[in-house]
Structure formats: structure tokens, C-alpha cells
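The values are calculated or read from the model by the stated rules, or taken from the named source; none is laboratory data. Just so we're clear, the structure is a prediction, and the values are computed from it rather than from any experiment. Positions of Cβ are backbone-derived with ideal geometry, glycine not excepted, and every protein chain shown enters the neighbour counts.
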Amino acid sequence: MKPIIGIIPSLENESVRVHRDYTDSVRRAGGLPFILPYSTDDEDFNQMADQVDGLLLTGGGDIDPSLFGEDPLPGLGPITPERDHLEIRMIRLMLNRGSPIFAICRGCQILNVAAGGDMYQDLDSQLDGLLQHTQQAPRYHASHKIRVVKPSLLYQITGEESFKVNSFHHQAVKEPAPGFVVSARTADGVIEAIESRSHPFVLGVQWHPENMTATDALAHRLFQAFIEACRRKKGQRAARISGRSEN
């Protein structure tokens with residue numbers, strides 16, 4: 001049985017949507033993507049967290065700065081509070097269960113906020129001397145390098161101390177949440193990846209590997225590692241259920 005990967009869709013004009021690159025990348029790596037519904041019901045949340053083997057957090061719009069104790073700055077873009085709250089609730093449930101999480105771009109930021117960290121609302125107005133973080137190139141094109149921390153989960157997966165990634169963001173993690181560490185940065189110091197120190201697989205990346213998995217081996221390897229962690233989680237849960245039924 002393939003591991004089931006829960007994906008929270010974006011909410012735009014009362015419509016939910018997920019770019020196909022996310023679902024294709026999950027399937028290409030051996031997982032089965034399931035789009036999660038918007039809900040405020042506790043039972044729904046618990047059942048979703050129980051049924052999925054891992055959570056994929058996708059890119060999208062800006063995050064409400066009140067969630068990390070700040071007022072909005074002029075460079076803040078449109079926010080979707082309903083999405084923020086749904087993602088934070090699911091993240092915390094999955095963290096409590098020790099379930100794998102792979103967080104991409106906005107997903108990396110909301111993961112950090114949900115775990116008690118903060119973020120930059122608008123890099124260009126808050127930092128000087130930046131690289132181009134919103135590239136003027138196709139989404140599959142790797143535009144700038146990142147430096148990977150050794151040892152880290154990201155390094156274990158990629159085996160590389162430096163490689164190029166694509167870039168489409170104006171927000172970023174400022175300081176990692178308690179229990180999280182930085183696993184990659186760009187040359188200008190912007191955080192490009194974070195990971196949990198206390199979970200087997202909770203990884204956030206600031207770039208968009210889902211746009212690159214068809215042609216880039218490292219991007220595909222990230223999804224493979226995530227799906228493999230979800231497969232292990234699925235096996236552990238099945239073993240617990242089997243043990244209870246035998247008793």
C-alpha cells in the first residue's frame with residue numbers, strides 16, 4: 001500500500017486548488033496524494049491526522065503577521081487567515097503524532113510559525129544586500145546556490161554541501177522555532193531550509209523542488225526521502241493496530 005500524503009490546498013476566491021507539480025511529485029516518488037478539506041471541526045482534524053501518513057505543505061500567499069506577534073508592514077501581500085489556521089492546526093497535530101512533514105516555500109514559513117518561530121514579512125524592505133529571491137526565469141530553472149549545513153537531514157538526503165535551487169518568495173524564516181535548526185542558507189544569509197531536531201522527518205525548504213522533480217535528481221530525492229519516511233510511519237501504525245487486535 002502506498003503511503004497517503006495529505007496536502008492542504010490554497011484557498012483563492014472561495015476555490016481550493018493545488019498545482020499539479022505537487023501531486024505529480026508525490027506520485028513520482030511513490031506516494032498517494034490526498035487533498036485535505038477546509039474545516040473547523042475537531043473530529044475532522046483528528047480523523048485527517050489519523051488517516052494520512054504524512055503532510056505536504058505547499059507554497060502560496062503571505063502569512064498573517066499577528067500569528068507571530070507583529071503588525072503588518074507595507075510590503076505584506078494578501079493573506080488568507082482561514083488557510084493559516086487550518087495549516088497551523090494540522091501541523092501541530094502531526095508534530096504531536098511524530099508524523100513526517102515536508103514543507104515547501106510558504107509551507108516552510110507556516111511550519112516555523114506553528115512551532116513557535118517567526119519570519120520576515122518582506123525581505124526587500126527588511127534586509128539589505130539580497131540576492132534575487134523572486135527569479136525572472138522558468139519555475140524549473142535553478143537560479144542561485146544554497147549552502148547546506150553538515151550534519152543535517154537535508155545533507156543526509158542530498159549528499160551535497162552546496163547546490164542550486166529555484167526561488168519564488170519575498171518572505172522567509174527569521175529565526176527557527178524552538179526545537180528546529182537551520183539546515184541551509186543562501187550567500188546573503190537568508191534561511192533556505194529548517195528541520196526539527198526531535199522528529200525523524202520534519203523538513204522545510206524555501207525553494208520549490210516540486211517544479212524540478214521531473215528533471216532534477218536532488219529535487220526528486222527530497223520527495224523520495226519524504227515518501228520513504230511516510231512509508232515507515234505507515235508501517236509503524238499498522239504494527240500497532242495489529243498488536244492491539246491480537247490482544
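If the condition is being closer than 21 Å to CYS230 by Cβ, out of contact with any helix residue (DSSP H, G or I) (no Cβ under 8 Å at 6 or more places or on another chain) and of a type outside the set (S, T, N, Q), then the range 3-23 contributes PRO9, VAL18, ARG20.
For residues in the range 97-122 being part of a helix (DSSP H, G or I) and within 10 Å of the chain's Cα centre (by Cα), which is surrounded by the most Cβ atoms within 10 Å (Cβ to Cβ)? Selected residue: LEU111. Count of the range 49-82 residues, restricted to those that are aliphatic (A, V, I, L, M) and under 13 Å from ARG106 (Cα atoms), is 4.
I'm checking my understanding of the structure. Among residues of the range 59-83 that are of a type outside the set (Phe, Trp, Tyr), free of Cβ contacts under 8 Å to residues at least 60 places away in the same chain and touching a helix residue (DSSP H, G or I) at 6+ places or on another chain (Cβ under 6 Å), which one is surrounded by the most Cβ atoms within 10 Å (Cβ to Cβ)?
Looking at residues that are of a type outside the set (Phe, Trp, Tyr), free of Cβ contacts under 8 Å to residues at least 60 places away in the same chain and touching a helix residue (DSSP H, G or I) at 6+ places or on another chain (Cβ under 6 Å), I get GLY60.
Here is the figure for the range 121-142: residues that are within 27 Å of LEU218 (Cα to Cα) and in contact (Cβ under 8 Å) with a residue 40 or more places away in the chain total 7. Of the residues contained in the range 160-167, none is found to be in a strand (DSSP E or B), buried (at least 21 other Cβ atoms within 10 Å of the Cβ), touching a helix residue (DSSP H, G or I) at 6+ places or on another chain (Cβ under 6 Å) and not small (Gly, Ala, Ser).
When residues in the range 3-30 are screened for being at pLDDT 95 or above and more than 24 Å from ASN46 (Cα to Cα), 9 of them pass.
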